[in-house]
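So the structure is just underneath, and the comments pick up after that.
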Amino acid sequence: MKPDPIAEQRPVLDALSRSMFDPALSGGCPLLGEMLGALGDDPVAVQLMLATPLWKIPGLMLSAALLYRACADPAHPLARYLPGRDAPLDAGFRGALHEALVRDRVTLAALMERHTYQCNPPRRLAVSAVAIAEATRDWPRRSVVHVDVGTASGLGLLLGHVAARVGGARIGPEQALLELEIELHGGQVDPRALVMPEIERAVGIDLDPPDLRDPACRAWMRACQYTVAEEWAIFDRAIDLVLERRPRIERGSATDLLPRIVAEMPPGQPLLVTDTYVAVFMSEDEREHLRRELDAIAAERLVVWLSQDPPVPLGRHPERTTAGVPIPAALVERIHREMFGLVCVTTWPGGVRTPRLVGVTHPGGCWLEWHE
Ligand SMILES: C[S@@+](CC[C@H](N)C(=O)[O-])C[C@H]1O[C@@H](n2cnc3c(N)ncnc32)[C@H](O)[C@@H]1O
């Protein structure tokens with residue numbers, strides 16, 4: 001038997017495909033599930049994925065490049081499968097996929113080289129809201145500053161304007177601009193007892209923030225979303241809100257800019273730091289640098305760091321989360337079957353850095369499984 005050229009990528013492709021059929025994702029995302037399931041069997045797709053570095057998650061990059069092309073051209077072989085047209089994913093689908101790959105091979109390679117995957121699903125905000133509300137339940141009710149590191153387009157900066165609808169409760173401000181429903185399973189957390197701290201202002205940091213005013217940039221981000229009408233609608237609404245509100249986004253590295261942003265804060269004002277799908281892309285040295293910056297800040301004020309990161313780019317057998325918490329063996333085993341994010345909250349009670357792995361979450365934020 002010939003060796004599988006994408007043996008290293010196949011478990012990720014399989015797990016991604018399976019996670020797309022999760023019914024919590026607005027009933028599932030069969031188009032992406034079928035596509036990711038088929039890419040590993042198509043010789044043109046295999047070549048394109050092999051030319052893409054593993055850290056970019058080649059299967060996801062190729063699916064986004066294909067959808068980018070399909071969304072731009074109603075005559076594209078895959079356009080009839082998009083939300084709104086919803087052609088059945090029958091025997092003809094793999095043929096259409098192959099036709100799109102052959103026709104656009106050069107353009108797809110260029111898109112995969114130029115871009116990174118920019119999923120940014122807004123429902124991750126609801127997951128952050130639940131975990132932060134729980135982690136800050138003993139804090140004095142005082143407004144906080146929110147810094148979203150690796151904010152990319154700035155969607156994470158809408159945290160103070162969203163309400164999470166979860167388990168019959170609503171967590172977030174009365175006048176929320178976006179309501180996001182998520183499922184909460186397991187654990188002891190009672191969402192009805194949770195209150196999100198009021199966010200006075202929010203600042204984003206990113207090494208290379210995309211410019212959403214550029215239609216090609218926005219179209220690329222949209223191509224990275226789940227191809228489900230409801231998820232597209234939420235994404236479009238969230239992007240419009242970011243464009244209207246024009247949040248402050250500083251270009252640079254989290255470790256350089258965080259102390260400068262904190263230096264502008266009044267003494268004693270609490271700080272809320274979020275990183276969603278960011279710290280996992282840093283080196284362990286960079287992550288430790290970030291933790292030490294946070295240690296120094298936490299010596300002066302209340303701080304919570306919420307880290308919502310996948311374990312995958314950490315390796316096939318990751319030992320610790322981005323926040324430095326050991327990953328239980330059962331979760332390491334689950335990584336081989338399923339895509340999920342690890343939700344960690346770090347606080348500094350008595351000045352001691354105390355990270356907790358509070359749960360795992362769907363990559364699109366559709367569910368949160370509480371582990372405490
Ligand atoms: C995968 S995206 C995640 C975007 C968004 N937070 C989300 O939930 O989808 C990772 C982002 O982190 C940024 N990034 C990576 N390392 C960074 C660092 N050291 N400082 C600031 N931004 C960083 C990248 O530029 C990229 O926009």
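The values are calculated or read from the model by the stated rules, or taken from the named source; none is laboratory data. Since this is a predicted model, take the numbers as computed values, not measurements. No Cβ is skipped: glycine too gets one built from the backbone with ideal geometry, and neighbour counts run over all protein chains shown. Just so you know, the surface numbers come from the protein's heavy atoms only, side chains and all, with ligands and any DNA or RNA stripped out. Shrake-Rupley method; radii C 1.70, N 1.55, O 1.52, S 1.80 Å.
Among the residues making up region 152-166, none is open to solvent by 20 Å² or more (accessible area, probe 1.4 Å) and within 15 Å of the ligand (Cβ to nearest atom). Residue under question is A223, and the condition is that it be more than 13 Å from the ligand (Cβ to nearest atom), free of Cβ contacts under 8 Å to residues at least 12 places away in the same chain and not assigned by TED's automatic domain parsing to the domain that holds P197; does it hold? Criteria not met by A223. Here the strands (runs of 3 or more DSSP E) wholly within region 258-372 that include at least 1 residues being in contact with a strand residue (DSSP E or B) (Cβ under 8 Å, 6 or more places away or on another chain) and of a type in the set (S, T, Y) are 271-276, 303-309, 341-347, 354-361. On the basis of being at pLDDT below 95, in contact with a Pro (Cβ under 7 Å, 6 or more places away or on another chain) and not hydrophobic (A, V, I, L, M, F, W, C), does P318 make the cut? Criteria met by P318. Hey, does region 258-277 have a residue that's farther than 30 Å from R142 by Cα, touching a Pro at 6+ places or on another chain (Cβ under 9 Å) and among the hydroxyl-bearing types (S, T, Y)? No: zero hits.
This table checks each residue for (1) free of Cβ contacts under 8 Å to residues at least 60 places away in the same chain; (2) in the same structural domain as G150 (by TED's automatic domain parsing); (3) open to solvent by 30 Å² or more (accessible area, probe 1.4 Å); (4) within 25 Å of A233 (Cα to Cα).
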| position | (1), (2), (3), (4) |
| --- | --- |
| A72 | no, no, yes, yes |
| A75 | yes, no, yes, yes |
| A100 | yes, no, no, no |
| C119 | no, no, no, yes |
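The residues of region 8-26 that are open to solvent by 60 Å² or more (accessible area, probe 1.4 Å) and part of a loop (DSSP other than H, G, I, E, B), listed by number, are E8, F21, P23. For region 207-233, name all the residues that are surrounded by fewer than 21 Cβ atoms within 10 Å (Cβ to Cβ), aliphatic (A, V, I, L, M) and part of a helix (DSSP H, G or I). Scanning region 207-233 gives A216, A219, A229, A233. Just a yes or no: is a residue in region 194-205 surrounded by fewer than 18 Cβ atoms within 10 Å (Cβ to Cβ) and part of a loop (DSSP other than H, G, I, E, B)? For region 194-205, residues surrounded by fewer than 18 Cβ atoms within 10 Å (Cβ to Cβ) and part of a loop (DSSP other than H, G, I, E, B): present.
Note on region 130-151: residues that are of a type outside the set (V, I, T), part of a loop (DSSP other than H, G, I, E, B) and open to solvent by less than 10 Å² (accessible area, probe 1.4 Å) total 0.
For beta carbons closer than 9 Å, sequence separation of 6+ or different chains, a first residue in region 9-32 that is at negative phi and β-branched (V, I, T) and a second that is open to solvent by 20 Å² or more (accessible area, probe 1.4 Å) and in a loop (DSSP other than H, G, I, E, B), the qualifying pairs are V12/I57; V12/M339. Considered as a group, the residues in region 272-322 that are touching a Lys or Arg at 6+ places or on another chain (Cβ under 8 Å) and of a type in the set (G, A, S) include one that is farthest from the ligand (Cβ to nearest atom), and that residue is A298. One residue stands out in region 167-183 among those that are surrounded by fewer than 22 Cβ atoms within 10 Å (Cβ to Cβ) and either aliphatic (A, V, I, L, M) or part of a helix (DSSP H, G or I) (or both): the one that is nearest to the ligand (Cβ to nearest atom), namely L178. Contact annotation: residue pairs with Cβ atoms under 8 Å, 6 or more positions apart or on different chains, pairing a residue in region 261-286 that is closer than 20 Å to P349 by Cβ with a partner that is among the hydrophobic types (A, V, I, L, M, F, W, C) and in a loop (DSSP other than H, G, I, E, B), are P270/W139; P270/L302; L271/M265; L271/L302.
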